[in-house]
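Take a look at the structure below.
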Amino acid sequence: MATLIRTLADHSDDVNCCAFSSSCLATCSLDKTIRVYSLSNFTELPYSPLEGHAYAVHCCCFSPSGRLLASCSTDGTTALWDSRDGRRLAVLEQPGASPVRVCRFSPEPTCLLAGAADGSVVLWNVQSLKLYRSGKVKGGSLMACAFSPNGNFFVTGSSSGDLTIWDDKMRCLYNEKAHDLGVTCCDISSHPVSDSENGFKYFQMASCGQDNQIKLWLILFADFVGVQLKYKCTLNGHSAPVLACAFSCDGQMIVSGSVDKCVRIYESSTGKTLHTLSQHTRYVTTCAFAPHSPLLATGSMDKTVHIWQVDLKQPCAGDTIANESKVAVEDWSEDDVSAWLCAQDLSDFVGLFKMNNIDGKELLNLTKESLANELKIESLGLRSKVLQKIEELRMTMISVSVPDEFLCPITRELMNDPVIATDGYSYEREAMENWISNRRSSPMTNLPLHSLMLTPNRTLKMAISRWIETQQK
């Protein structure tokens, strides 16, 4: 559930960015100002608005402690402000005086990154207020940046469509053509999602672009073995360029804003759309989750910032147990089964199941014959509905530990009809057919496909079938 709880309409022009600290919300605009609000009641702080930029303010961000606020502008500068009283502490001039499009503090509070329209990337030391390192992307403007959780690496995105990984010494370590028409935003979750074979942590990264897409990546940051970037999947739903994306603090959700005027919230582990919010009347340019509260801010060219209360889905008892393991489902009591029936809109069967002492183990063993002959459910339609829900329950249990090679790289779902493309990778047939109907590149490598031929992968299909059988025993 996502509930609109407040609309801020103080800016006189397009809202370009919004950012949270633990106690404040900052917004910036084409109107040259930065506004700061208290999270306790969303009233504007006495020192707001912050003024001093000569032209549009494109981005704003808080330091890890929340005591510093940075803003960057078309005027070629990045400003540092004291978030406690609004004092401007410094004006950092970009080399070449190019318009600064994005700024971001490192998790290490002494470092601030600023990226500009000429492709220049600058790391500032915020204690000495001196330029620490500088570099430049190959072609295009720098439009996006995000730091690794430890601050030793960062990623930039450019209008040429490249994602580039750098270390803190400004050495370019990796480059990936990610979005054909340009990257608009990127973000890295601070929560690891898996371990590599060498014990290093993978993190999720999201990027979005002018191609209407949000892509999820697995990224490995390691000082000794270098970095790795692996494409995970594409989140669909937007019908126009996606201008902003961000992870929730716990890494469980991703929010995006688009030229289609919509905000979409996804479950990061599955890519499932949780909410679509369409209250903005013009392009959605920015979105951000609060770090320590269930708040979401979205800003738009309609000059407003919407504040949302985002509630995580509260699973029923059955959902919770099902998501833990198959053994836990087998241990369900009759009351757990009753809770699951109610959650599946099958509450009419609670009495019948209790009368027949159906617990978790019995539930998993139900068949069409036992539903008809033992439980005496006469309606074929009702029997089919119950069986369908039981099968969904089994598949939910399976999906928790499904081997990665059994998942389609496009949908990240268990494959039913795997096919091999000419790039050597296997995909779900329907997903790959939809993919190549719109483009002729590999979903995994982004390189051109020499042929659109899809060959059935019968060996993989048999392996998946055998694996499912073993999970259901």
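The values are calculated or read from the model by the stated rules, or taken from the named source; none is laboratory data. The model shown is predicted, which means the values in this text are computed figures rather than measured ones. Don't worry about glycine lacking a Cβ; one is built from the backbone with ideal geometry, like all the others, and counts go over all protein chains shown. Ligands, DNA and RNA are excluded from the accessible area calculation, which covers all protein heavy atoms including side chains. Shrake-Rupley method; radii C 1.70, N 1.55, O 1.52, S 1.80 Å.
Odds and ends about this structure:
- Amide H contacts for Cys233 (H built 1.01 Å from N in the peptide plane; partners 5 or more residues away or on another chain; cut-off under 5 Å): Leu216.
- For the range 80-204: rounded, prolate or oblate by the Cα gyration tensor [a/c cutoff 1.5]: oblate
- Cut-off under 5 Å, modelled amide H: who pairs with Thr33 long-range: Val57
- Over 29 Å between alpha carbons, listed pairs Lys136/Lys230; Lys230/Lys389; Lys169/Lys261; Lys230/Lys272; Lys177/Lys201: Lys230/Lys389; Lys169/Lys261
- Across the range 13-30, computed HN-Hα scalar couplings (Karplus, 6.51 cos²θ - 1.76 cosθ + 1.60, θ = phi - 60°) run 8, 3, 8, 9, 7, 9, 8, 9, 10, 5, 10, 9, 10, 10, 9, 9, 8, 4 Hz from first to last residue, x flagging Gly and Pro.
- All-pairs alpha carbon distance profile, the chain, 20 Å steps from 0, percent: 22, 49, 25, 5, 0
- Working note: Karplus 6.51/-1.76/1.60 with θ = phi - 60° gives the range 32-37 the couplings 6, 10, 10, 10, 10, 10 Hz, where Gly and Pro are set to x.
- Long-range HN-HN contacts of Lys303 with modeled amide H, under 5 Å: Val15
- Charge tally in the Cβ shell below 11 Å around Ile219, where Lys, Arg are +1 and Asp, Glu are -1, Ile219 excluded: +2
- Spin-label model, Thr459 to Leu4: label points 7 Å out along the Cα-to-beta-carbon direction sit 5.5 nm apart.
- Helices of the chain meeting both criteria, an alpha-carbon length of 15 angstrom or more along the long axis and an average Kyte-Doolittle score not below -1.0, with helices taken as full DSSP H segments, are 380-399, 458-472.
- Lysines whose Cα lies under 17 Å from that of Lys32, excluding same-chain neighbours fewer than 8 positions away: Lys303
- The fraction of all Cα pairs in the range 23-156 landing in successive 10 Å bins from 0 to the largest distance is 13, 46, 33, 7, 0, given as whole percents.
- Per-residue ³J(HN,Hα) for the range 49-55, Karplus 6.51 cos²θ - 1.76 cosθ + 1.60, θ = phi - 60°, Hz, x for Gly and Pro: x, 8, 10, x, 6, 7, 9
- Taking only protein heavy atoms and a 1.4 Å probe, the accessible area of the chain is 49% carbon and sulfur.
- Hull volume per residue, based on the alpha-carbon atoms of the range 404-472 and their convex hull, is 74 Å³.
- Legend: residues Met301, Met415, sorted from most to least accessible area (1.4 Å probe; ligands, DNA and RNA excluded), read Met301, Met415.
- Considering helices alone, the calculated mean residue ellipticity of the chain at 222 nm is -5000 deg cm²/dmol, with DSSP H runs of length four and up weighted by -39500 (n - 2.57) and normalised per residue.
- R0 of 51 Å, Cβ-Cβ distance Arg84-Ser239: FRET efficiency to nearest 0.05: 0.75
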